[in-house]
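Worksheet for the structure shown next.
The values are calculated or read from the model by the stated rules, or taken from the named source; none is laboratory data. Note that this is a predicted model, so its numbers are computed, not measured. Counting neighbours? That spans all protein chains shown, and the Cβs are built from the backbone with ideal geometry, glycine included.
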């Protein structure tokens, strides 16, 4: 009895004081400037970029379908400070502070991966550890194989509306073995519809397995970071945990373990972790469900209680007994069951250019048979077709919940580098209804104007290269146009677009070509470095013609000159007359003068 009272007193005290301390510790230690994110994306197959926005799905509002969880709280004694030895099997603190080696490695690996792709989330691995503790007792004390997969499936109770949410089957029993209702699965307790969107292959074994601690920890981290949350802020941290299980007591319990683990922890061998006992549904580790339920659960027939015999006096007639009818419980109708159709209300034909975000999100309304909006419906947006376009973080499918007006909008849709059309399809999770299709189109980036920067003449001699830098600026509707494809072509006339068969050229590998495709930089400028254009071996005036999608065009004169040759040196003409003599006449012998 004393132990029971002590446990309750400790639980009440920790729920308030320790939770406040945990929030303060998280805010102080997980600020954006506190930790430099790693340079790689360690594990995981989906990266969340800064500024992306993804709305967490709801298996009726939470990642776990509000399944039961462990309510046991950590001891009051403080574990050692962080930095304790991790060499197995050294134990350096209270048993409750020990986390199985594979489980701890999965949490830290998920933190590193997400900090490299979404540093603004500030995800601490202790938050994953706190959730893993209350959801599965750290994968039942670390009972996992060498790859991190639980030795037996960890399944929550059947979510059939009896004490829990009522979630009809969404995976055909693939994960939970139940083709009638869903069940939370694995060490982080994802319901199948949530895993369908957030499942990861963090251990690179080719499978997204909710029963694998590496896959599940990575998926949980991404889920908690959704909606651009900064977990260093208390409001975002609370929202993230409540998106996992909509319970204030759940929030307090998780935060108590987070604070405990932040004060220090150590790793223990797999399979030796301390198993919690108290659960919100009254079950214990020894009687948790592991096998799939019967595919056709039945409800026992109501038993009519027998009336108690009453004493009667002789001659008195006993009144007839009226059987007592059992109370009739109306069936639970899920929001999805009320929906009869999805209607497109905005952005039916989204269009953008390569590498850009689509303006305006595809949006639908979930309506019932009378045309009224239905609140709380899970709507799945999926990209269909051959395209490299994607939602936030590279996802090809996301699930969002209709708001108070019955509306659901997809997260930001990003175009890749592939042009063409594809479909964004919206469907109701758990229902077979006509889909709402959005026809999306990706076109090339455009520039309607190209202007040369600088006006110096460009000239080179045959056999050499143009040594001047060539720079042009691309704009579209007056704004700089980055990332635009520019076709560069050597032509013989500034009015004839026909490619020249001689003269200047570009070098591609060992080939001489006269047409190449280039791309403007982030500043809208295209620069050809000195030596990019070679003069060729025939003199003349040629033109570099640059064109862009959208109508941009400019001609730049290229003058090729023959090398200048100096005049040959003339040899002097030899003089046939011997030096020092006059003309032939002068050298002739004079005639004898006449005699007297």
Q | Residue list for the range 220-241, restricted to those being over 22 Å from residue 139 (Cβ atoms) and either in contact with a strand residue (DSSP E or B) (Cβ under 8 Å, 6 or more places away or on another chain) or in contact (Cβ under 8 Å) with a residue 60 or more places away in the chain (or both) | A | 226, 227, 228, 229, 230, 231, 232, 233, 234, 237
Q: Considering only the range 135-154, state which residues are within 29 Å of the chain's Cα centre (by Cα) and either in a loop (DSSP other than H, G, I, E, B) or not assigned by TED's automatic domain parsing to the domain that holds residue 69 (or both).
A: 145, 146, 147, 148, 153, 154
Q: Could you please find all residues in the range 170-180 being surrounded by fewer than 22 Cβ atoms within 10 Å (Cβ to Cβ) and either touching a strand residue (DSSP E or B) at 6+ places or on another chain (Cβ under 6 Å) or free of Cβ contacts under 8 Å to residues at least 60 places away in the same chain (or both)?
A: 171, 172, 174
Q: Only residues that are surrounded by 19 or more Cβ atoms within 10 Å (Cβ to Cβ) and in a loop (DSSP other than H, G, I, E, B): list them for the range 539-555, please.
A: 548, 549, 550, 552
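Here is a yes/no grid of residues against (1) in the same structural domain as residue 411 (by TED's automatic domain parsing); (2) surrounded by fewer than 21 Cβ atoms within 10 Å (Cβ to Cβ); (3) closer than 15 Å to residue 132 by Cα:
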residue: 212; (1), (2), (3): no, no, yes
residue: 229; (1), (2), (3): no, no, no
residue: 236; (1), (2), (3): no, yes, no
residue: 241; (1), (2), (3): no, no, yes
residue: 245; (1), (2), (3): no, no, yes
residue: 248; (1), (2), (3): no, yes, no
residue: 253; (1), (2), (3): no, no, yes
(Q) Are there strands (runs of 3 or more DSSP E) fully within the range 457-513 with at least 3 residues that are assigned by TED's automatic domain parsing to the domain that holds residue 544 and within 16 Å of residue 540 (Cβ to Cβ)? List them. (A) 459-461
Q. For the range 417-449, what are the residues that are under 30 Å from residue 486 (Cβ atoms), buried (at least 21 other Cβ atoms within 10 Å of the Cβ) and within 21 Å of the chain's Cα centre (by Cα)?
A. 440, 442
Q: State yes or no: is residue 408 surrounded by fewer than 21 Cβ atoms within 10 Å (Cβ to Cβ), closer than 30 Å to residue 338 by Cα, outside the structural domain of residue 520 (by TED's automatic domain parsing) and in contact with a strand residue (DSSP E or B) (Cβ under 6 Å, 6 or more places away or on another chain)?
A: no
Q: Determine if the range 335-356 includes at least one residue that is free of Cβ contacts under 8 Å to residues at least 60 places away in the same chain and more than 22 Å from residue 192 (Cβ to Cβ).
A: no
Q: Go through the range 208-219 residue by residue and tally those that are touching a strand residue (DSSP E or B) at 6+ places or on another chain (Cβ under 8 Å) and part of a helix (DSSP H, G or I).
A: 3
**Q.** The one condition in (1) over 21 Å from the mean Cα position of the chain (by Cα); (2) assigned to a helix (DSSP H, G or I); (3) modelled with pLDDT of 85 or more that residue 96 fails to fulfil
**A.** (3)
